[in-house]
Amino acid sequence: MEDWKSTYRLLTYCKHFFHRRLNPNFHNSKPFCTSGSRYHCSQPSQLVKPYICNYQQEFQTFKHLPVSLGTNPWNRCRSQYRCFASQASIIQRRPDFSTISSEDLSYFKNILGERGVVQDEETLDAVNTDWMRKYKGTSKLMLQPRTAEEVSQILKYCNSRCLAVVPQGGNTGLVGGSVPAFDEVIVSISHMNKFISFDKVSGILVCEAGCILENLIAFLDNQGFVMPLDLGAKGSCQIGGNVSTNAGGLRLLRYGSLHGSVLGLEVVLANGTVLDMLGTLRKDNTGYDLKHLFIGSEGSLGIVTKVSILTPPKLSSVNVCFLACKDYASCLKLLLEAKRKLGEILSAFEFLDHGAMDLVLKHLEGVRNPFPSSMHNFYVLIETTGSSESYDREKLDAFLLHSMENDLISDGVVAQDITQASSCWHIREGIPEALMKAGGVYKYDLSIPVEKMYDLVEEMGVRLGASAKVVAYGHLGDGNLHLNISTPQYDDNILSQIEPFVYEWTSKHKGSISAEHGLGLMKANKIHYTKSPETVQLMANIKKLLDPNGILNPYKVLPPSLFTESDLKEFTAKGRVEQTGSTLYIVLQ
């Protein structure tokens with residue numbers, strides 16, 4: 001019974017369907033496990049597998065009708081429940097959301113043309129599936145607007161019809177935030193990829209949200225500037241998605257977060273209102289700075305269509321070194337010394353452990369060990385960027401000599417040209433790809449006080465033993481740990497050992513359960529580990545104000561229970577729950 005109560009608290013938003021008083025066979029039911037949690041359902045019970053690509057279990061709701069279905073959204077309800085690859089992440093399709101009709105398709109084709117309305121199964125299969133292949137929706141429609149006005153028309157119509165929408169950029173997210181949970185309409189921003197303006201004096205770039213980050217980097221490089229953001233996924237990710245998730249990346253130590261770099265946004269709200277905040281001023285203190293609401297909101301408050309961003313000048317002197325350390329304490333001391341002795345030229349301080357290096361060497365082609373004679377416990381990549389090659393190199397050499405003399409470094413190499421520098425960065429940036437090739441991987445993106453960061457890795461290793469390989473890397477310079485548990489295949493027993501332990505540990509040590517990846521589907525129900533109830537409720541109030549029908553990226557960022565409980569009460573008030581065998585029905589009057 002305690003097992004049920006524990007799960008029940010996590011599933012309050014579907015209590016009307018799983019409440020024991022509505023299930024006469026509850027006490028005689030069979031226990032079963034999925035993703036580490038035990039559930040009880042009416043006989044005959046079925047194993048609800050984690051929703052990892054090809055696994056799904058749907059509980060469907062039908063309406064007994066003596067008359068035509070008509071246009072009432074209540075009459076076209078098809079309630080679904082899905083388990084995702086995070087413990088007890090069961091999502092229920094909101095019953096008030098409509099489904100696509102032929103009239104809807106005709107409307108979208110009128111404003112976008114035939115090419116802007118995609119129903120091809122192969123294309124939809126790709127955009128329904130996230131990069132990790134853990135989350136997969138069932139959307140039957142992708143729309144491809146080319147202007148903010150078209151986005152506005154789409155959202156205004158979807159809002160009036162209560163059609164749920166998922167904004168999608170490059171679909172490189174790691175928490176299921178950019179793919180449908182069910183059959184939401186996918187609004188792809190990929191065709192909105194124009195460079196609007198660039199001011200060489202101020203370094204301010206204005207572009208559309210669908211611009212690929214790598215293209216922006218190349219454009220700015222030709223202009224003598226750099227993007228303040230750099231990610232391993234830069235070849236696919238788009239600036240609109242980067243802003244919507246407040247992506248951190250490899251240059252945050254030097255240039256800060258997008259909250260500081262983004263000067264203005266154009267955003268389309270759920271009701272179709274185009275919010276023009278596309279300023280290019282570095283100082284504007286008139287009222288509330290509303291753009292910050294949308295930076296990191298993961299498309300749940302509005303769809304970003306244009307971005308104004310401050311870019312720094314490209315500096316001529318870049319140095320990269322790859323160092324080996326004997327233990328994590330040496331990495332921390334090295335970080336402190338780097339901040340003191342490299343100061344203003346320090347632009348990146350990344351670390352990876354032995355397990356991460358081992359995976360890269362095994363699974364990535366063309367990668368060579370910088371220290372072929374031996375493996376080390378920890379590795380650190382340091383980059384400096386400045387304007388004077390001789391001055392910067394002198395500072396770096398002095399720092400390295402001091403670190404060697406104080407036994408902070410076991411070995412090290414300094415890149416002599418851009419090819420060697422790229423090889424060093426390829427090791428660090430190639431870890432996610434190597435993990436994917438190794439099998440199943442559970443990924444956790446955490447902010448933790450740096451002195452405690454590796455304690456979690458060690459405790460997780462002891463906790464899992466030989467059943468999984470615990471791998472750690474991340475942005476040590478800004479306290480961001482990427483904790484990865486690598487397994488031959490996904491395993492519920494392993495997941496039950498990871499969660500909720502990893503979140504409880506992070507919360508206990510005053511950390512954040514999402515440093516830069518966002519919450520998405522994976523962590524929407526976990527936000528309370530980092531934020532207070534009052535803070536979460538205020539977020540929910542803002543969401544309800546800007547998107548009262550909740551059509552924008554539903555089920556993401558915030559716990560669905562904050563929005564669906566009243567809907568479910570109204571829904572069940574319109575009918576009754578019946579049961580046939582293992583199927584639950586909601587019969588609407």
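The values are calculated or read from the model by the stated rules, or taken from the named source; none is laboratory data. The shown structure was predicted, so the numbers you read here are calculated from the model rather than taken from an experiment. Every residue, glycine among them, receives a Cβ derived from its backbone with ideal geometry; neighbour counts consider all protein chains shown. Areas reflect the complete protein model, heavy atoms only, side chains present, ligands, DNA and RNA absent. Shrake-Rupley method; radii C 1.70, N 1.55, O 1.52, S 1.80 Å.
On the range 195-310, 51 percent of the accessible area sits on carbon and sulfur atoms, based on a 1.4 Å probe.
Only alpha carbons enter this Debye calculation for the range 88-243, each as an equal point scatterer, and the log10 of I(q)/I(0) it gives at q = 0.16 Å⁻¹ is -0.92. Among the protein heavy atoms of the range 102-188, carbon and sulfur supply 45% of the accessible surface, probe 1.4 Å, non-protein parts ignored. Between H509 and K283, the modelled label-to-label distance comes to 4.1 nm, taking each label 7 Å out from Cα in the direction of the beta carbon.
Packing-based ranking of 335-347, 415-427, 505-517 yields 505-517, 335-347, 415-427, ordered from highest to lowest mean Cβ neighbour count within 10 Å. Simple point charges give the picture: +1 on the Cβ of Lys and Arg, -1 on the Cβ of Asp and Glu, and for the range 195-310 a dipole about the Cα centre of about 260 debye.
Where in the range 128-166 are there trypsin sites (Lys or Arg not before Pro) that are in a DSSP coil and have at most 14 other Cβ atoms within 10 angstrom of their Cβ?
Values: sites: R133, K134, K136, K140, R146, K156, R161; in loops: R133, K134, K140, R146.
Counting only loop positions with at most 14 other Cβ atoms within 10 Å, the trypsin sites (Lys or Arg not before Pro) in the range 128-166 are R133.
Diffusion of the range 160-217 by Stokes-Einstein, at 10 °C in a medium of 1.306 mPa s and with Rh set to the Kirkwood radius over alpha-carbon pairs, works out to 118 µm²/s. Quotient of the Cα radius of gyration of the range 465-566 and 2.2 N^0.38 Å, N being its number of residues: 1.26. Among the GluC sites (Glu not before Pro) in the range 435-512, those placed in a DSSP loop whose Cβ has at most 15 other Cβ atoms within 10 Å are E451. For the range 195-310, the C-alpha radius of gyration sits at 0.99 times the compact-globule guess of 2.2 N^0.38 Å, with N the residue count.
The base-10 log of I(q)/I(0) for the range 102-188, evaluated at q = 0.11 Å⁻¹, reads -0.27 [Debye formula, identical scatterers on Cα atoms, solvent excluded].
Here the label points at Q119 and Q416, each 7 Å from Cα along the C-beta direction, are separated by 6.2 nm in the simple model. Per residue, the range 102-188 exposes an accessible area of 39 Å² to a 1.4 Å probe, with every protein chain left in place. Overall, the range 102-188 carries a charge dipole of about 200 debye about its Cα centre when +1 sits on the Cβ of Lys and Arg and -1 on the Cβ of Asp and Glu, all other atoms neutral. Ligands, DNA and RNA left out, the 1.4 Å accessible surface of the range 332-490 is 50% carbon and sulfur atoms. Name the GluC sites (Glu not before Pro) in the range 140-236 that are in a loop by DSSP and that have at most 11 other C-beta atoms within 10 Å, would you? Passing both the DSSP loop test and the Cβ count: no residue. The simple Förster model, with R0 at 22 Å and r as the Cβ-Cβ distance, assigns Q223 and S387 a FRET efficiency of 0.80. Accessible area of D183 (1.4 Å probe, protein heavy atoms only, ligands and nucleic acids ignored): about 50 Å². According to the Cα-based calculation, Rg over Rh for the range 317-525 is 0.98, with Rh computed by the Kirkwood formula.
For the range 382-419 versus the range 144-188, the inter-centroid distance based on Cα atoms is 47 Å. Here the scattering of the range 391-488 is modelled by Debye summation over its C-alpha atoms, one equal scatterer each and no solvent; at q = 0.17, 0.18 Å⁻¹ the log10 of I(q)/I(0) is -0.98, -1.04.
Packing, as the average of other Cβ atoms within 10 Å across residues, places the peptides 466-475, 386-395, 493-502, 550-559 in the order 550-559, 466-475, 493-502, 386-395, highest first.
Considering only G430, N369, Y442, the residue lying farthest towards the positive end of the dipole of the range 368-485 is Y442, judged by Cα position with unit charges set on Cβ.
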